[in-house]
Amino acid sequence: MSFTLPTLQYDYKALEPYIDAQTMEIHHSKHHAAYTNNLNAALENSDLKGKSIEEIFSKVSQLAPALRNNGGGYYNHNLYWDVLIPGGPAGPQGKLLESINGSFGSFDLFKEAFTKAAVTRFGSGWAWLIQKGDSLVINSTPNQDNPLMDIAEIQGIPLLTIDVWEHAYYLKYQNRRPEYIEAFFKVINWNEVAKRLKA
Ligand code: MN3
């Protein structure tokens, strides 16, 4: 049983003009495919074949860097595609909105903090909204690390993520990472984010 590249639930062009079709196509069919293939290759000769990705992350500090980097690349992109949708709901509602208000004060303050985490992640990495017990926290990780890994600074349940590697935005936004982050907020699938919140 190996990991497979997921099929996107929307066309490459569906997130235009916020995320362009060429970026989506290369990102999914080349970058994500490579992480998936390299993860499977790294697992081939290990005793972890058949283990869940969560199980691998729980002891990733003891494993080869190829499993950390490609396992993260496989998982993080799955979540990223899942939390995107063309013309998604305007914002979080219900329990998720309550949790955001409770943890950050308001949606605007959450957005400001999430944007700051994404803008200031030096080099390549990801910004996260994480459920940690009863509260929500924001953090960023380098490379392909994520909050499910035992090496993560803040561990918890990943609810929302943005890829801030240059390959995620450079064709359209070049060095303007803040513009890409602002555009990302126009296509967040808040229903998918809410589904990940544990009661
Ligand atoms: Mn990427």
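The table for this structure:
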item: Any chance Glu16 is under 27 Å from Pro178 (Cβ atoms) and either away from the ligand (no atom under 16 Å from the Cβ) or among the basic types (Lys, Arg) (or both); result: yes
item: Restricting region 32-57 to residues that are surrounded by fewer than 17 Cβ atoms within 10 Å (Cβ to Cβ) and within 16 Å of the ligand (Cβ to nearest atom), the residue that is nearest to Ile85 (Cα to Cα); result: Ala33
item: Condition check for Glu25: within 15 Å of the ligand (Cβ to nearest atom), charged (D, E, K, R) and open to solvent by 40 Å² or more (accessible area, probe 1.4 Å); result: yes
item: Failed item, numbered, when Ala127 is tested on (1) buried (at least 22 other Cβ atoms within 10 Å of the Cβ); (2) assigned to a loop (DSSP other than H, G, I, E, B); (3) within 16 Å of the ligand (Cβ to nearest atom); (4) not polar (S, T, N, Q); result: (2)
item: Test result for Asn69, open to solvent by 40 Å² or more (accessible area, probe 1.4 Å) and within 15 Å of the ligand (Cβ to nearest atom); result: yes
item: Out of Gln155, Gln93, sole residue that is modelled with pLDDT of 95 or more and either touching a Lys or Arg at 6+ places or on another chain (Cβ under 8 Å) or within 14 Å of the ligand (Cβ to nearest atom) (or both); result: Gln155
item: Region 157-188, residues that are open to solvent by 20 Å² or more (accessible area, probe 1.4 Å), over 15 Å from Met24 (Cβ atoms) and part of a loop (DSSP other than H, G, I, E, B); result: Gln174, Asn175, Arg176
item: Residues of region 90-104 classified as in a loop (DSSP other than H, G, I, E, B), of a type in the set (Gly, Ala, Ser) and open to solvent by 50 Å² or more (accessible area, probe 1.4 Å), total; result: 1
item: Exclusive hit being touching a Phe, Trp or Tyr at 6+ places or on another chain (Cβ under 9 Å), in contact (Cβ under 8 Å) with a residue 24 or more places away in the chain and not polar (S, T, N, Q), set Pro86, Pro147; result: Pro86
item: Phe107 surrounded by fewer than 18 Cβ atoms within 10 Å (Cβ to Cβ) and modelled with pLDDT of 95 or more; result: yes
item: Scope region 74-89; condition surrounded by 22 or more Cβ atoms within 10 Å (Cβ to Cβ) and under 16 Å from Pro142 (Cα atoms); matching residues; result: Tyr74, Tyr75, Asn76, His77
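The values are calculated or read from the model by the stated rules, or taken from the named source; none is laboratory data. The model shown is predicted, which means the values in this text are computed figures rather than measured ones. Using ideal geometry, Cβ is built from the backbone for each residue, glycine included, and neighbour counts are taken over all protein chains shown. Protein only, heavy atoms only, side chains kept; ligands, DNA and RNA dropped before computing areas. Shrake-Rupley method; radii C 1.70, N 1.55, O 1.52, S 1.80 Å.
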